[in-house]
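Every number in this text was worked out from the coordinates using simple rules, so none of it is lab data. Just so we're clear, the structure is a prediction, and the values are computed from it rather than from any experiment. Don't worry about glycine lacking a Cβ; one is built from the backbone with ideal geometry, like all the others, and counts go over all protein chains shown.
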Amino acid sequence: MQRGNIPQEFKDIPNFESEDEERAFWAMHDSTEYIDWDKAEVTTLPKLKPSTKTISLRLPEMMLNELRIIANKRDVPYQSLIKVFLQERIDQELKRFISSSTVSSPQR
């Protein structure tokens, strides 16, 4: 990526010990300082399935009943509905976190 006529030098991406370490790094750093997104290519991975982990979650019966009612009205399994609700909330929180960190970070 170029700014004006000056080619941008990109920072080296560190080697990460784990996915958690990498996830934390990218949550706090702007990828445009490390990657030339103008040269990025679109790719699809049609057979890629996200890994899942089974957890045990205790919910009040009333909440579970309400979730089942909503899921029934939407004609989806209630566990799928829970995942949709969680993802929507995660997206909201991350967007809020990112916007607050970019507002408070010093300008270069």
Cut-off 10 angstrom, C-alpha nodes, Gaussian network model of the chain. Which of R58, R74, R96 fluctuates the most?
R58
Hey, in the GNM for the chain with a 10 angstrom Cα cutoff, which one of E41, E93, E66 fluctuates hardest?
E41
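Per 0.36 nm of contour for each residue apart, how much would the distance between L67 and L86 grow if the chain were fully extended, relative to their Cα-Cα spacing?
Here the segment from L67 to L86 would lengthen by 5.6 nm.
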Could you tell me which of the pairs K49/K95; K47/K83; K39/K83; K11/K49; K39/K95 are separated by over 28 angstrom between their Cα atoms in the structure shown?
K39/K83; K11/K49
In deg cm²/dmol and to the nearest 500, what is the mean residue ellipticity at 222 nm of the chain if only DSSP H runs of at least 4 residues count, each as -39500 (n - 2.57), divided by the residue total?
-16000 deg cm²/dmol
Taking the Cβ-Cβ separation of K11 and E41 as r and a Förster radius of 25 Å, what is the calculated FRET efficiency to the nearest 0.05?
0.75
Across 10 Å bins beginning at 0, the whole-percent shares of Cα-Cα pair distances in the chain come to 10, 24, 32, 20, 11, 3, 0
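Local charge sum around S101 (other residues, Cβ-Cβ under 13 Å, Lys/Arg +1, Asp/Glu -1)?
0
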